[in-house]
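See structure below.
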Amino acid sequence: MRRREVIALLGGSAAWPLAARAQQPSFPVIGFVYSAVRDASRVTAFRRGLGEVGFIEGRNVAVEYRWADGDYRRLSDLVAELVHHPVAVIAASGVTAARAAKAATTTIPIVFNTGGDPVKMGLVASLSKPDGNVTGVTTLGKVLVAKQVELMHELLPAKDAVAFVVNPNNAVAEDESADAAAAAGALGRKLMVVNAGSDAELDAAFAAAVGSGAGGLILQTDPFLSSRRDSVVALAARHAIPLLSPYLDYASAGGLLSYGSSIADGLRLVGNYAGRLLKGETPADLPVQQSTKIELIINLKTAKALGLALPTAILLRADEVIE
């Protein structure tokens, strides 16, 4: 091959990627930051919400995903990456992720998903008229905690005490512990709050609950705890203690009961709002929504292993019974 032909070939090959890139469509980019581990079902739910308003990832929108794996300390850095990317909208799941996003930018629209009170947490001025650049979706946090305590009481009427495992690093841990204590007190039950913000503390929490005579254990809605599903289920089996989790996949993994808000429904609503913000609406146009879908899943195999006869009333209320 002659020298001029080689030069022409090299020049053409160098120019080709630039030409190809120039022809690529320019998509708006959404930054998605989640406090827990990566989960395909969470992504699917978010994409479903985007699709409801005409956005399909890879076709007319791009999404940059960031997962904190239950480590709250990483959230500020993850959000900073998205802000500097830059992204057109930030979707933040969890109150700590939402706070990190709000602290990082006053211009990029933010849509959150949280079980805490977004007004009390300082995310918005009011539910009906969010101010600034933030709006989002809430779940039935306070009501749900009380219902979980009532369900455990119904399941174990002869037991005097129940344990509530919380991550002390969670922004709503104190509030939810107070809600659980009030619900237990109204039923004449004792509530033991045990902290678990690390793997070592998780083992200790179960040991403390069982050692103090708790008849059952309720898990707080928390990214760190949700990220330790297999460990939590294994600990419950080892200590032979009934476990009630707010995460719906815990029962299928071997936990006794899963009773909680549908995370998929909440993230679908977040995706819907993110798409509407891309279309030009502002957070002030979008009042904070509430996801009210709650599901109860029961694992009968686990109940039999624990020697529990579940009340018919609970079985009839179940959305799914695993046999």
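Any read-out appearing in this document is the output of simple, stated calculations on the displayed coordinates, not a laboratory observation. Since the structure is predicted, the reported quantities are computational estimates derived from the model, not experimental observations. Heads up, the Cβs are rebuilt from the backbone with ideal geometry, glycines too, and the neighbour counts pull from every protein chain shown.
Residues in the range 233-245 carry Karplus couplings, in order, of 5, 5, 5, 4, 5, 4, 8, 6, 10, x, 10, 10, 10 Hz; the curve used is 6.51 cos²θ - 1.76 cosθ + 1.60 with θ = phi - 60°, and Gly or Pro positions show x. Size descriptors for the range 141-242, from the alpha-carbon set: Rg then Dmax equal 12.4, 33 Å. Think of the chain as a dipole: +1 on every Lys or Arg Cβ, -1 on every Asp or Glu Cβ, centred on the Cα centre; then among L286, A196, V63, V63 lies furthest on the positive end.
Between amide H atoms placed 1.01 Å from N, distances below 5 Å from F164 occur with M192, V193, V194, I218, all of them 5 or more places distant or on a separate chain.
Provide the gained length on full extension for the span K159 to S126, in nm with one decimal, where the gain is 0.36 nm per separating residue minus the Cα-Cα distance. Intermediate results must be reported in sequence, preceding the final value.
Working: separation 33, 0.36 × 33 = 11.88 nm, distance 4.08 nm.
Extra length available between K159 and S126 comes to 7.8 nm.
Largest first and in whole Å, the equivalent-ellipsoid semi-axes of the range 79-126 read 19, 10, 8, each the square root of five times a Cα gyration tensor eigenvalue. Restricting the calculation to Cα atoms, the range 257-310 shows an Rg/Rh of 1.31 when the hydrodynamic-style radius is the Kirkwood one. For the chain, the C-alpha radius of gyration sits at 1.18 times the compact-globule guess of 2.2 N^0.38 Å, with N the residue count. Per residue, the convex hull around the alpha carbon atoms of the range 27-101 comes to 77 Å³.
Before rounding to the nearest 500, sum -39500 (n - 2.57) across all DSSP H runs of length at least 4 in the chain and divide by the residue total; then give [θ] at 222 nm in deg cm²/dmol.
Calculated from helices alone, the mean residue ellipticity at 222 nm is -13500 deg cm²/dmol.
Taking the chain as the region of interest, the number of lysine pairs whose Cα atoms are within less than 23 Å, with members eight or more places apart or on different chains, is 17. Phi angles of the range 187-194 translate, via the Karplus equation with coefficients 6.51, -1.76, 1.60 and θ = phi - 60°, into HN-Hα couplings of 9, x, 10, 8, 10, 10, 8, 10 Hz per residue; Gly and Pro are given as x. At an R0 of 35 angstrom, the distance between the Cβ atoms of V321 and R38 translates into a FRET efficiency of 0.75.
Normalise the Cα radius of gyration of the range 20-156 by 2.2 N^0.38 Å (N = residues in it) and let me know the number. Show your work: numbers first, answer last.
Working: Rg = 16.8 Å, N = 137, 2.2 N^0.38 = 14.3 Å.
Scaled against compact globular proteins, the figure is 1.18.
Per-residue 3J(HN,Hα) values for the range 153-159, derived from phi via the Karplus relation 6.51 cos²θ - 1.76 cosθ + 1.60 with θ = phi - 60°, read 5, 5, 6, 10, x, 8, 8 Hz in sequence order (x marks Gly and Pro).
Would you tally the net charge around V33, using a Cβ to Cβ cut-off of less than 15 Å, leaving V33 out, and scoring K and R as +1, D and E as -1? Surrounding charge for V33 is +1. What the Kirkwood sum gives for the range 210-323 is a hydrodynamic radius of 15.8 Å, with every pair of different alpha carbons counted.
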